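Enquirer: After the structure tokens below, expect a handful of questions from me.
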Amino acid sequence: MGEFVSHLESALDGTRFEKDQLLTMHRDRPLWVRYDLEAAQGAIRVDRWAQRPPTMWRYEELLPVPPGVEKVSLGEGITPLLACPQLGEQLGLKHLWVKDESHLPTGSFKSRGQAMALTMARHFGVRRVAVPTAGNAGGAMAAYAARAGMEAWIFMPEDTPQVNVAEAALAGARVFLVRGLITDCGRIVRQGMEAMGWFDVSTLKEPYRLEGKKTMGLELAEQFHWELPDVILYPTGGGTGLIGMWKAFEELRTLGLLRREQLPRMVAVQATGCAPIVQAWEQGQRFAQPVQNAHTVASGIRVPAAVGDFMMLDVLRESRGCAVAVPDEEILHWTTKATAAEGISFCPEAGACVAALKRLVEQGWIAPQEKVVVFNTAGAQKYCHLFPVEKLPRLDPGQEIDWDRLVATSWPGQQRC
Ligand SMILES: *Cc1c(COP(=O)(O)O)cnc(C)c1O
């Protein structure tokens, strides 16, 4: 195992597990990978991290990959941290950044988790992986499975965006469209596990995707020179990003690598049509209730039930953060507005974060001079189906153009979506 991994541990009740084995969950709840941070402390030098190639793998002392094990990688580069003064001004903030995860292979941050999960699964001898997914996880899983030489089985609701269906199929996965919801897809994967010999790489159903997502937090800390921002907004579905980043911050703090002990306030952003975590947060519950008829244009956060619900709620509590739900109209409005303001290719999930940010600034929960980071978890290109291109004005090549009319019928995207 990773040089400094000590053991694995149930997130629910702390039960310990030996590290050198293929593990999934305990009592249907996720496992943490634990490190001997004292031993790691002696080995880690941040200046040495900085000298390594700029990829998510540079933090190897805090990753589970055993020395000498070949990584399943498509080149997961450190993603840009972009200052956003224009969008910041529109929202009333002086210090706003976007961490732009759309630069990753397969166009979303899902790559981080799949690269790590499949590296570890292959190490433990897995040959066939399966996943229920409504979006980017399927495309990423298919690509990394191809890279790993594994067989990929993917079950998607019939209404999954065509881009996600196509990218999975193009990468050679066996793709099935299920006339039902993501939960129905999950049931098929569970039922077929024994007969088909599948290993389930669903969110938090194996322990290593989380370690891949953790690198978002490690990168962010390095990009901020080990002094973390005040607030982080994250579009929350299954929760790996939120939980993984918080795990990164706590490990860095324990290692004494942060120049400021105070960790960021974490904000979980969901869509009104599917907000189980927001609901549980507002009601002070330990676990979330599954959402019926979940719906939102932000398909990445259309997750009606999550096995890591209590872990997300712990992060919100421990970080003195909060959970916010925003309606689809606001999501679409801010997706186009933010993309037009900065030229960053915002996905609707990140648009939801901007909408939530606007509210939190207006409510005074975030002060104008605080340092704020929004995660752009994927690129807008994956969501072409949301933009009504068919409504754009048409011109004929020979047509005489009335320039006033041209101006009148022109259609700046940020005004209508
Ligand atoms: C999967 C996904 C999310 C939610 O991710 P979690 O970390 O599992 O909560 C957010 N945005 C996009 C674009 C996604 O694909």
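Enquirer: Taking into account only those residues within the stretch 200-220 that are more than 11 Å from the ligand (Cβ to nearest atom) and over 24 Å from LEU258 (Cβ atoms), which is surrounded by the fewest Cβ atoms within 10 Å (Cβ to Cβ)?
Expert: Only one residue tops the list, namely ASP200.
Enquirer: I'm told ALA121 meets every condition in (1) modelled with pLDDT of 95 or more; (2) away from the ligand (no atom under 16 Å from the Cβ); (3) surrounded by fewer than 23 Cβ atoms within 10 Å (Cβ to Cβ) except one. Can you identify the failing condition by its number?
Expert: Evaluating ALA121 over (1) modelled with pLDDT of 95 or more; (2) away from the ligand (no atom under 16 Å from the Cβ); (3) surrounded by fewer than 23 Cβ atoms within 10 Å (Cβ to Cβ) leaves (3) as the failure.
Enquirer: Restrict the check to the stretch 210-230 and report whether at least one residue is touching a helix residue (DSSP H, G or I) at 6+ places or on another chain (Cβ under 7 Å), among the aliphatic types (A, V, I, L, M) and under 21 Å from GLY139 (Cα atoms).
Expert: yes
Enquirer: Being away from the ligand (no atom under 14 Å from the Cβ) and closer than 17 Å to VAL5 by Cβ is the filter; apply it to the stretch 221-251 and report the residue that is surrounded by the fewest Cβ atoms within 10 Å (Cβ to Cβ).
Expert: The residue in question is GLU250.
Enquirer: While we're here: Filter the stretch 23-66 down to the residues that are of a type in the set (D, E, K, R) and assigned to a helix (DSSP H, G or I), then identify the one that is surrounded by the fewest Cβ atoms within 10 Å (Cβ to Cβ).
Expert: Here is the first cut: in the stretch 23-66, the ones of a type in the set (D, E, K, R) are 27-29, 34, 36, 38, 45, 47-48, 52, 58, 60-61.
The next check asks that each one be assigned to a helix (DSSP H, G or I); those that pass are 38, 47-48, 58, 60-61.
Numbers: GLU38: 11, ASP47: 6, ARG48: 11, ARG58: 19, GLU60: 18, GLU61: 20.
Per the stated criteria, the residue is ASP47.
Enquirer: Looking only at the stretch 79-114, filter to residues that are away from the ligand (no atom under 16 Å from the Cβ) and assigned to a strand (DSSP E or B); which one of those is surrounded by the fewest Cβ atoms within 10 Å (Cβ to Cβ)? Reasoning before the result, please.
Expert: In the first step, residues of the stretch 79-114 are kept if they are away from the ligand (no atom under 16 Å from the Cβ); the result is 80-97.
Checking the rest, the ones that are also assigned to a strand (DSSP E or B) come to 81-83, 95-97.
Working: LEU81: 16, LEU82: 15, ALA83: 12, HIS95: 16, LEU96: 27, TRP97: 21.
Of everything passing the filter in the stretch 79-114, ALA83 is surrounded by the fewest Cβ atoms within 10 Å (Cβ to Cβ).
Enquirer: Which of the residues belonging to the stretch 124-142 are of a type in the set (A, V, I, L, M, F, W, C) and away from the ligand (no atom under 13 Å from the Cβ)?
Expert: Within the stretch 124-142, PHE124, VAL126, VAL129, ALA130, ALA142 qualify.
Enquirer: Continuing with this model, one more query. In the stretch 168-187, which residue that is at pLDDT 95 or above and surrounded by 15 or more Cβ atoms within 10 Å (Cβ to Cβ) is nearest to ALA306 (Cα to Cα)?
Expert: VAL178
Enquirer: How many residues, within the stretch 306-329, are under 21 Å from TRP97 (Cα atoms) and either out of contact with any Ser or Thr (no Cβ under 9 Å at 6 or more places or on another chain) or polar (S, T, N, Q) (or both)?
Expert: Adding up the residues that qualify gives 6.
Enquirer: Would you pick out the residues in the stretch 261-289 that are part of a loop (DSSP other than H, G, I, E, B) and at pLDDT 95 or above?
Expert: LEU263, PRO264, THR272, GLY273, ALA275, GLN283, GLY284, GLN285, ARG286, PHE287, ALA288, GLN289 - these are the residues of the stretch 261-289 that are part of a loop (DSSP other than H, G, I, E, B) and at pLDDT 95 or above.
Enquirer: Pick from ALA221, ALA195: which is assigned to a helix (DSSP H, G or I) and under 20 Å from the mean Cα position of the chain (by Cα)?
Expert: ALA221
Enquirer: Also, I was wondering about something else. Among the β-branched types (Val, Ile, Thr), in a loop (DSSP other than H, G, I, E, B), within 13 Å of the ligand (Cβ to nearest atom) and under 23 Å from GLU329 (Cα atoms): does that describe VAL307?
Expert: The answer is no for VAL307.
Enquirer: Now a separate question. Considering only the stretch 392-403, I want to know if a residue exists there that is touching a residue at least 24 places away in the same chain (Cβ under 8 Å) and assigned to a helix (DSSP H, G or I).
Expert: Taking every residue of the stretch 392-403 in turn, none turns out to be touching a residue at least 24 places away in the same chain (Cβ under 8 Å) and assigned to a helix (DSSP H, G or I).
Enquirer: Do we find that ASP402 is of a type outside the set (A, V, I, L, M, F, W, C) and surrounded by 10 or more Cβ atoms within 10 Å (Cβ to Cβ) in this structure?
Expert: Criteria met by ASP402.
Enquirer: Could we say that VAL163 is of a type in the set (A, V, I, L, M, F, W, C), in contact (Cβ under 8 Å) with a residue 60 or more places away in the chain, under 26 Å from LEU386 (Cα atoms) and surrounded by fewer than 21 Cβ atoms within 10 Å (Cβ to Cβ) here?
Expert: yes
Enquirer: Residues GLY212, GLY217, GLY237: which one is of a type in the set (Gly, Ala, Ser), free of Cβ contacts under 8 Å to residues at least 40 places away in the same chain and under 24 Å from LEU12 (Cα atoms)?
Expert: On inspection, the qualifying residue turns out to be GLY217.
Enquirer: Do the conditions hold for GLN51, that is, is it modelled with pLDDT of 95 or more and more than 23 Å from GLU251 (Cα to Cα)?
Expert: It is false that GLN51 is modelled with pLDDT of 95 or more and more than 23 Å from GLU251 (Cα to Cα).
Enquirer: Taking ARG359, is it more than 15 Å from the ligand (Cβ to nearest atom), part of a helix (DSSP H, G or I) and of a type in the set (D, E, K, R)?
Expert: When the stated conditions are applied, ARG359 passes them.
The values are calculated or read from the model by the stated rules, or taken from the named source; none is laboratory data. Fair warning: this is a prediction, and the values are worked out from it, not measured in the lab. Every residue, glycine as well, gets a Cβ built from its backbone with ideal geometry; the counts of neighbours run over all protein chains shown.
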